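Q: Following this message is one structure expressed as structure tokens.
No value in this document is a laboratory result; all are computed from the given coordinates. Not measured: the values here are computed from a predicted model. Positions of Cβ are generated from backbone atoms using ideal geometry, with glycine treated the same way; all protein chains shown enter the neighbour counts.
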Amino acid sequence: MKKILRYSLLAVVLVIIYVVYSNYPRLDIITGFSAKSVCSCTFEAGRDLKSIEEGDNDIDLVNYATNKINFEEKSVTSTVFGLKKRMAVYKDGIGCVLLPEKPSNETPNFNKPNRNISQSNLPYPYGNFPQKDTVFSNVDYKLLDLAVENAFDCEGYEQKNRTRAVVVLYKDQPIAEKYAPGFSSETKLLGWSMTKSITSAVLGVLEKQGKISLDQNKLFSEWENDDRSKITLNNLLQMNSGLEWIEDYNTISDVTKMLFLEPDMTTVQVNKPLIGKPNESWNYSSGTTNLLSGFIRNQFKTHQEYLDFWYAELVDKIGMNSMVIETDLAGNYVGSSYSWATARDWAKFGLLYLHNGNWNGKQLLNESWVKYAATPTNGSNGEYGAHFWLNAGGKYPNVPKDLFSCNGYQGQHVFIIPSKDLVVVRFGLVENPDFDVDTFLKEVLSAIK
């Protein structure tokens, strides 16, 4: 018996050694992801460690991390078998910031945005008061409730869809809303790459104010003396710059190194070479979006003006008061990936685009900008516009082709369907095709005659 136990323990030790040895180069990224995730979910979303580790961190290799929360200092440290300790710290107003493995002598920039959050006395969605008691005669509410119910998993059964939240707005009114256990209308949810659409909208505000133009080039001083000077703002917004970038979350790639190793995420792609021809080299890139965040910062004289602008001119103007856009260590908004808000507030962002940039009578974006966002970029097969995903190519065959959406990792979505006067928000941990987006939207649409 002792011999069997000894061999069993030896086998376990050998497995641990193999896992650590084979993945050692990735441990910085694994512990970085884990520390950042636990920190944000704890201090932004108010969730407990068990639910975070079983949900958000239930990813191959990340689930090997051990996480410790310091509630007094508002920090999280993560290791894998005691190796590669990484720390993330929470700072009011800018969320959780991942610290480098080797501390720097430089003082981190933890400035926070000034926000003027006023409580509107209007009903939701244009305010936060209870919505109007509106019943649409052309909506089959039983069918709609069933469609929403089908998007979730039944308690006690296999977790397949792993949906956390669904909100449906029709003709400016909420007609369906549901949350998984442990989540509610007050729970902030991470948009992941839906943040890219927020970044696009901020650029849209600057365009409406006459401060930038889509055809401008010579965007960065580092590009002045080579062919990158010809890259336009339009090329960056359409992910069609021709710059080198690898977006692979399963390996040590440009995107994972940027998110979990780089203190300044806006400089990663600015230093990349041109390997394609602008407007003929579509390539989805989180580096491009953080490059745009740096471009936005360059439009302001001070860092504080940059921090304030996103909220004062967009986020708080449409009442997304729960939203927090997190920064990197250098004080740049991580425009590619890190924004938190309730599902109801994400629906407000969809409503802004449904109404062509108009928010309750105020034109925040030019109508032409919204049309531009939903226009297919060259080489994307009708699937991508200007930091929005599209159905122009018919990816979802049972859904109108005018659908465009904010999409994020693991199936975060704000779907905008102008022809149906509809906004549909879905948050979860499984994405298409494992979560069947086409069937989900088809069932929602079938309830509206």
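Q: Mind computing the radius of gyration and Dmax over the alpha-carbon atoms of the stretch 264-326? Å is fine for both.
A: Every Cα atom of the stretch 264-326 included, Rg and Dmax give 14.6, 41 Å.
Q: Give the distance, in whole Å, between the Cα centre of the stretch 22-96 and the Cα centre of the stretch 137-157.
A: With the stretch 22-96 and the stretch 137-157 each reduced to a Cα centre, they are spaced 34 Å.
Q: Now for a different question. Would you grab the residues whose amide H sits under 5 Å from the one on residue 428? Only those 5+ places off in sequence or on another chain, please, with H modelled 1.01 Å from N.
A: Close amide H contacts, sequence-distant or interchain: 164, 412.
Q: Let me ask another. With a point put 7 Å past each Cα toward its Cβ, work out how far residue 449 is from residue 280 in nm, to one decimal.
A: 5.4 nm
Q: Looking at the stretch 175-275, how many pairs of lysines come closer than 16 Å at the Cα, when each pair is eight or more places apart or spans two chains?
A: Close lysine pairs found across the stretch 175-275: 5.
Q: Specify whether the C-alpha gyration tensor of the stretch 111-247 places it in the rounded, prolate or oblate class, a ≥ b ≥ c being the square roots of the eigenvalues: rounded for a/c under 1.5, otherwise prolate if a/b is larger than b/c and oblate if not.
A: Note, shape of the stretch 111-247 comes out prolate.
Q: For the stretch 132-148, take each phi angle, set θ = phi - 60°, evaluate the Karplus expression 6.51 cos²θ - 1.76 cosθ + 1.60, and give the result in whole Hz per residue in order, putting x for glycine and proline.
A: 5, 7, 10, 10, 9, 5, 8, 9, 8, 5, 5, 5, 5, 4, 5, 4, 5
Q: What number do you get for the stretch 203-306 when its Cα radius of gyration is normalised by 2.2 N^0.38 Å, N = residues?
A: 1.06
Q: Taking the Cα atoms of the stretch 189-446, report the difference between the largest and smallest coordinate on each principal axis, in whole Å and largest first.
A: 55, 37, 32
Q: Report the full-extension gain for the segment residue 129 to residue 312: residue separation times 0.36 nm, less the Cα-Cα distance, to one decimal in nm.
A: 63.8 nm
Q: Can I ask one more? Just to be sure I understand the model, the point goes 7 Å from the Cα along the line to the Cβ. What's the resulting residue 60 to residue 155 distance in nm?
A: Reported label-point gap for residue 60 and residue 155 is 3.3 nm.
Q: Treating cross-link reach as a plain straight distance, find the aspartates and glutamates whose alpha-carbon is under 15 Å from the alpha-carbon of residue 142, omitting any fewer than eight places away in the same chain.
A: Within reach: 177, 443.
Q: Continuing with this model, one more query. From the phi angles alone, apply the Karplus equation (6.51, -1.76, 1.60; θ = phi - 60°) to the stretch 51-57 and give each ³J(HN,Hα) in whole Hz, x where the residue is Gly or Pro.
A: Per residue, the Karplus-derived 3J(HN,Hα) values read 5, 5, 5, 7, x, 4, 9 Hz.
Q: Helix-derived [θ] at 222 nm for the chain: sum -39500 (n - 2.57) over DSSP H runs of at least 4, divide by residue count, nearest 500?
A: -9000 deg cm²/dmol
Q: With +1 on each Lys and Arg Cβ and -1 on each Asp and Glu Cβ, and nothing else charged, work out how big the dipole of the chain is about its Cα centre, in Debye to the nearest 20.
A: Roughly 340 debye, rounded to the nearest 20.
Q: Still on this structure: Rank 201, 220, 270 by how far each Cα sits towards the positive end of the charge dipole of the stretch 169-278 (+1 on Lys, Arg Cβ; -1 on Asp, Glu Cβ) and give me just the farthest.
A: Sorting the options by dipole projection puts first 201.
Q: Report ³J(HN,Hα) in whole Hz for each residue of the stretch 86-97, in order, from the Karplus equation J = 6.51 cos²θ - 1.76 cosθ + 1.60 where θ = phi - 60°; Gly and Pro get x.
A: 10, 10, 10, 10, 8, 10, 3, x, 10, x, 9, 10
Q: A further question follows. Determine the principal axes of the Cα atoms in the stretch 313-447, then give the extent along each, sorted from largest to smallest and rounded to whole angstroms.
A: Taking max minus min along each principal axis of the Cα atoms, the stretch 313-447 gives 41, 34, 34 Å.
Q: A further question follows. Farthest toward the dipole's positive end in the chain, which of 335, 444, 252, given Cβ charges of +1 (Lys, Arg) and -1 (Asp, Glu) about the Cα centre?
A: Result: 252.
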